[in-house]
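Presented below is the structure to which this report refers.
The values are calculated or read from the model by the stated rules, or taken from the named source; none is laboratory data. Keep in mind that what you see is a predicted model, and the values were worked out from it rather than measured. Note that we place each Cβ from the backbone using ideal geometry, even for glycine, and neighbour counts take in every protein chain shown.
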Amino acid sequence: MGYGWLVWTVLAAALASWAFDAAVRLVWRPRAVERRLRAQGVRGPGYGFFHGNLRDVRRLRAAGAAVKLDVGDHDFIPIAQPQFREWIPRYGRVFLYWFGTTPDICVGDYAMAKQVLADRTGLFPKNRTNANLLRLLGDGLVLTNGEDWQRHKRVVHPAFNMDKLKMMTATMADCARSMVTGWEADLASQQKKGCRQVTIELSDQFEELTADVISHTAFGSSYKEGKQVFQCLKELQFITFSTLFSVQIPGFRYLPTEKNRRVWKLDKEVRTTLMKIIKNRLAAKEKAGYGNDLLGLMLEACAPEHGEAPLLTMDEIIDECKTFFFAGQETTSHLLTWVMFLLSTHPEWQDKLREEVRRECGDRDHPPTHDMLNKLKLMNLFILETLRLYSPVPLIRRRTTSPVELGGVVVPEDSLLTIPIATLHRDREVWGDDAGEFNPLRFDAGTTKTAPKNLSALLAFSSGPRSCIGQNFAMIETRAAIAAILQRFKLELSPEYVHAPTDVITLRPKYGLPMIVTSADA
């Protein structure tokens, strides 16, 4: 009898403790946070029990999904990030909304955003709360924090020094030439039928091109060998995005739901395929060494020759491979897609860039070198403006681990900080009255005094110590692909194209990019 009473007492105490914790998290803390931030001038749409404002975000996104834009309209915020368009005019550039029970501060002010991104003390670590996002990107350079990030960077950074990039340029140019050779074959086939043009779905082409480039340059393989990885990661990307606007319930990811089982299977397939690529490299080590690419550098760090502790474990190498398979392919493919969209809608710039490419790189039979690509000044301006209007990553999210002062506001611990890049890139106070218009010359120091300021305000590759390690790689790859295309073809947007940029972690054309391609010499 006494033992039973003790058990019931313990259970009652545990239940009371759980109920108290739930009340704190679901009711008291949100109200206290709102009061403290409101006293500092930070308002917001108000906390909704358990869901926060996620239902509002889903409702706004559902309404935005039906929006179609004119091809000359670059304001996709109502489609991709409607919550910022709805709430910034109402509550200001810095406002509080709720990601479930987690406070989320919209950092829509450039000075505050720069404070977050420039921090070197670890006050604003990467957000790692979504389990599916961790599976997608891996526990690699993009999502690690603190000493782990320093250790990963020490291994990976040498793969992207300028000497290595110069060597990679030839591979990038070869992959681009292989792609456009296929286009020439398609065009020749149509010409035999009396048609002088061919319609090509470019977004699919660029996904394969950038997958081929990252496979060759970072892992010494080909797109065909890594195809299973890319296909699995793409499916994981869409599953991950489907969970981003839902409350993350602790422990739910371990339940054998249909979606979780699919995630587990995809993750296993990715790891199995990557392990096969790694084993093939290790098997060839005696003849060719580890290799000078990213995989070779990581394997050398994993198996040091002099008895010191390895810098990376094999699991960390697999995660880093996932990071670069996804990040190295996904963002650049969409950058190329948006560059081609803007070239097709601005034929005068297409002609200027083609003339520059032929002047600096020669004709179609001359693959461009690294030095040639560096001379493409107009092309560089064009790419920068594309990155401003259509940044492949439209927002950055960080976290606080302790109360921290940010722009005069004390932000509570365990808060999210969301930097809406796409919104900031349209800020008229920074970019001028033509912020919503396409104007590559805004980055030209020879024509505008604000060019250096504009360049520092561009956040497409983030900024500060955690800026994208692969940005030079991406810029060279993009120039090489554009050069190969413009040497041979003219581009005209297909009437079938529907302009509806959408955010699925990265910014992509919702309905693809069908393009009418003709010979540049026709």
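Quick notes on this one:
- Some residue of the stretch 189-208 being of a type in the set (Gly, Ala, Ser) and assigned to a loop (DSSP other than H, G, I, E, B): yes
- Selection status of ALA303, out of contact with any Gly (no Cβ under 9 Å at 6 or more places or on another chain), more than 15 Å from ASP139 (Cα to Cα) and either surrounded by fewer than 21 Cβ atoms within 10 Å (Cβ to Cβ) or at pLDDT 90 or above (or both): yes
- The C-beta contact set for the stretch 150-169 (first residue under 21 Å from ARG120 (Cα atoms), second residue of a type in the set (S, T, N, Q), distance under 6 angstrom, 6+ apart or interchain) comprises HIS152/THR144.
- The sole residue among THR331, THR337, THR323, THR345 that is touching a Pro at 6+ places or on another chain (Cβ under 6 Å) and touching a residue at least 40 places away in the same chain (Cβ under 8 Å) is THR331.
- Scanning the stretch 406-441 for residues that are more than 24 Å from TRP349 (Cβ to Cβ) and free of Cβ contacts under 8 Å to residues at least 24 places away in the same chain yields GLU413, GLU429.
- Selected residue (only one of LEU353, LEU311 is of a type outside the set (D, E, K, R) and crowded, with 21+ Cβ neighbours inside 10 Å): LEU353
- Selection of first residues in the stretch 369-388 that are more than 16 Å from ARG358 (Cβ to Cβ) and of second residues that are charged (D, E, K, R), restricted to Cβ pairs under 8 Å at least 6 apart or on distinct chains, gives the following pairs, ordered by first then second residue: HIS370/LYS166; ASN380/ARG479; LEU381/ASP444; ILE383/ARG479; GLU385/ARG442.
- Of all residues in the stretch 426-437, those satisfying the criterion of being part of a loop (DSSP other than H, G, I, E, B) and either over 25 Å from the mean Cα position of the chain (by Cα) or exposed (fewer than 12 other Cβ atoms within 10 Å of the Cβ) (or both) are GLY432, ASP433, ASP434.
- Selection of the stretch 154-193 for residues being in contact with a His (Cβ under 6 Å, 6 or more places away or on another chain) and among the polar types (S, T, N, Q) yields THR169, THR171.
- Among (1) touching a Lys or Arg at 6+ places or on another chain (Cβ under 9 Å); (2) small (Gly, Ala, Ser); (3) under 22 Å from ALA284 (Cβ atoms), the one test that SER203 misses: (3)
- Of all residues making up the stretch 248-264, the number that are surrounded by 11 or more Cβ atoms within 10 Å (Cβ to Cβ) and either under 21 Å from CYS232 (Cβ atoms) or at pLDDT 85 or above (or both): 8
- Which numbered condition CYS468 fails, given (1) assigned to a loop (DSSP other than H, G, I, E, B); (2) over 21 Å from LYS126 (Cβ atoms): (2)
- The residues of the stretch 116-143 that are part of a helix (DSSP H, G or I), buried (at least 19 other Cβ atoms within 10 Å of the Cβ) and more than 14 Å from the chain's Cα centre (by Cα), listed by number, are VAL116, LEU117, ASN132, ARG135.
Each row is one residue, and each column tells you yes or no for (1) modelled with pLDDT under 95; (2) loosely packed, with under 13 Cβ neighbours inside 10 Å.
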position	(1), (2)
LEU6	yes, yes
PHE20	yes, yes
VAL33	no, no
TYR47	no, no
PHE50	yes, no
ASN53	no, no
ARG58	no, no
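- Considering residues of the stretch 438-468 that are more than 24 Å from LEU117 (Cβ to Cβ) and surrounded by fewer than 14 Cβ atoms within 10 Å (Cβ to Cβ) only, the residue nearest to the chain's Cα centre (by Cα): LEU441
So that you can scan it fast, the table gives a plain yes or no per residue for (1) farther than 19 Å from PRO394 by Cβ; (2) of a type in the set (Lys, Arg):
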{"site": "ASP414", "(1), (2)": "yes, no"}
{"site": "ARG426", "(1), (2)": "no, yes"}
{"site": "GLY432", "(1), (2)": "yes, no"}
{"site": "PHE438", "(1), (2)": "no, no"}
{"site": "LEU441", "(1), (2)": "yes, no"}
{"site": "GLY446", "(1), (2)": "yes, no"}
{"site": "ASN454", "(1), (2)": "no, no"}
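- Pick from the stretch 308-327, criterion more than 19 Å from the chain's Cα centre (by Cα) and of a type in the set (A, V, I, L, M), ranking: nearest to LEU266 (Cα to Cα): ILE318
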